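Chemist: Structure below; questions to follow.
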């Protein structure tokens, strides 16, 4: 047997690094740009009971600067646990197969999701838009807001919030200290949608269409359903659909009927135009890729290694005969 050191990176250690939302957006962009060189098998999920799930998300990153990492994120949703959705990332040195770190995945999940949404908005919104309509105002919406605020730190922006219980008030309270941000809380669903230039939906559960009347979606709208739910009607009449990973998006019911489809990375690479004019309705589906999780995990590991607590793990260093 031999002992190896495994770095244990938890939420407090990640927070102490002072990672900015702009860092997260750049990491998200970098991940898109290396997508073709990474190996990312499809997610695999099991369902232990009812709506609960346990999902494994593996990814092998390309060799960058002599280091090559493999990681696997294990995320589970179990009713009754707090928080309901939890994840851990296992990070390995690909050349040796040695486990390097166990990393709390909850912060990474939130911030990589927010960063990808903000990056999509940056690439696809109409010029001059400074107002962002947001519904489903939980933790992911806060991550999205942090990234949008940082990405627009040189100008004032407004958040239009769809009222639901006390979520809008809590959202305003969270971000009221930011000097470049103002707020408007909307009660009427038709007003909320029909006046939206950029709509970000962070609603986690939608068993039916959120806005069944297609006429409410104004020309020029950029729609980002962060959890991909509740907007299937838009698949049939929006001018363009962008996705983070075709292998996942092509499983959508109306994929074959999209008017025009491409991956967001093709826009980032300059291979295609994202928005061609101010009248196009554009939707951006980002289903969530292990690639983003593992890139974030490696960036955090490289900043913190040697300066974090961990534990010794005993592993076999000889062949076992039975």
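Computed from the coordinates by the stated procedures, all read-outs in this text should not be read as laboratory data. Nothing here was measured: the structure is a model prediction, and the numbers come from that model. Quick reminder, even Gly has a Cβ in these numbers, built from the backbone with ideal geometry, and neighbours come from all protein chains shown.
Chemist: With springs only between Cα atoms under 10 Å, which of 266, 312, 279 fluctuates most in a Gaussian network model of the chain?
Modeler: Among 266, 312, 279, the largest GNM mean-square fluctuation belongs to 312.
Chemist: Can you bin the range 137-210 into rounded, prolate or oblate? Criterion: square roots of the alpha carbon gyration tensor eigenvalues sorted a ≥ b ≥ c, rounded for a/c under 1.5, prolate for a/b above b/c, oblate for the rest. Numbers along the way, then the final one.
Modeler: Working: a/c = 1.68, a/b = 1.54, b/c = 1.09.
Here the range 137-210 falls in the prolate category.
Chemist: Ranked highest first by the average count of other Cβ atoms within 10 Å around their residues, in what order do 189-199, 35-45 fall? Walk me through the intermediate numbers first.
Modeler: Numbers: 189-199: 18.3, 35-45: 13.7.
So the peptides 189-199, 35-45, ranked by packing, come out 189-199, 35-45.
Chemist: Okay, next question. Is the C-alpha gyration tensor of the range 79-146 telling us rounded, prolate or oblate? Criteria: a/c under 1.5 is rounded; beyond that, a/b larger than b/c is prolate, otherwise oblate.
Modeler: On the way: a/c = 4.76, a/b = 1.66, b/c = 2.87.
It is oblate, given that a/c is not under 1.5 and a/b is not larger than b/c.
Chemist: Mind telling me which of 52, 151, 244 comes out most flexible in a GNM of the chain, alpha-carbon contacts under 10 Å?
Modeler: Highest fluctuation among the options: 52.
Chemist: If you don't mind, another one. Between residue 183 and residue 2, how many nm apart are label points set 7 Å from Cα along the C-beta direction?
Modeler: 5.5 nm
Chemist: Take every Cα pair under 8 Å in the range 116-285 that's 6+ residues apart, average their separations, divide by the length, and report that relative contact order as a whole percent.
Modeler: Values: 300 pairs, mean separation 41.9, N = 170.
Relative CO of the range 116-285 lands at 25 percent.
Chemist: Okay, moving on. Give or take rounding to whole Å, what are the principal axis extents of the alpha carbon atoms in the chain, in descending order?
Modeler: Cα spread of the chain along its principal axes, largest to smallest: 69, 44, 42 Å.
Chemist: Rounded, prolate or oblate for the range 164-322? Axes are the square roots of the Cα gyration tensor eigenvalues, ordered a ≥ b ≥ c, and the cut-off for rounded is a/c under 1.5. Kindly include the intermediate steps, with their values, before the conclusion.
Modeler: On the way: a/c = 2.21, a/b = 1.55, b/c = 1.43.
Prolate is the answer for the range 164-322, as a/c is 1.5 or above and a/b outweighs b/c.
Chemist: Restricting to Cα pairs below 8 Å that are 6+ residues apart, what does the relative contact order work out to for the chain? Please round to a whole percent. Don't jump to the answer; show the numbers that get you there.
Modeler: Numbers: 627 pairs, mean separation 74.0, N = 322.
So the answer I get is 23 percent.
Chemist: Quick one: which of 140-147, 253-260, 180-187 comes out on top by average Cβ neighbours within 10 Å, and what's the full order, highest first?
Modeler: Numbers: 140-147: 24.4, 253-260: 12.8, 180-187: 14.6.
Highest mean packing first, the order is 140-147, 180-187, 253-260.
Chemist: May I ask you to order 27-34, 208-215 by the average number of other C-beta atoms within 10 Å around their residues, highest value first? Intermediate results must be reported in sequence, preceding the final value.
Modeler: Numbers: 27-34: 19.8, 208-215: 13.1.
Ranking the peptides 27-34, 208-215 by packing returns 27-34, 208-215.
Chemist: Which of these, 78, 103, 283, has the largest mean-square fluctuation under a Gaussian network model of the chain (Cα springs below 10 Å)?
Modeler: Result: 78 has the largest fluctuation of those listed.
Chemist: Consider a paramagnetic label point 7 Å from the Cα of residue 56 along Cα→Cβ; state which residues of the range 87-112 have an amide N under 18 Å from it.
Modeler: 87-94, 97-103, 105
Chemist: How far, in nm, would the chain grow between residue 175 and residue 218 when pulled straight, counting 0.36 nm per residue and subtracting the alpha carbon separation?
Modeler: Additional length available on full extension: 12.7 nm.
Chemist: While we're looking at this one, here's another question. For the range 148-237, what's the relative contact order in percent, using C-alpha pairs closer than 8 Å and at least 6 residues apart?
Modeler: Values: 101 pairs, mean separation 22.5, N = 90.
Answer for the range 148-237 is 25 percent.
Chemist: Sticking with the crude label model, points 7 Å out along Cα→Cβ, report the distance from residue 259 to residue 237 in nm, one decimal please.
Modeler: Once both label points are built, they end up 1.0 nm from each other.
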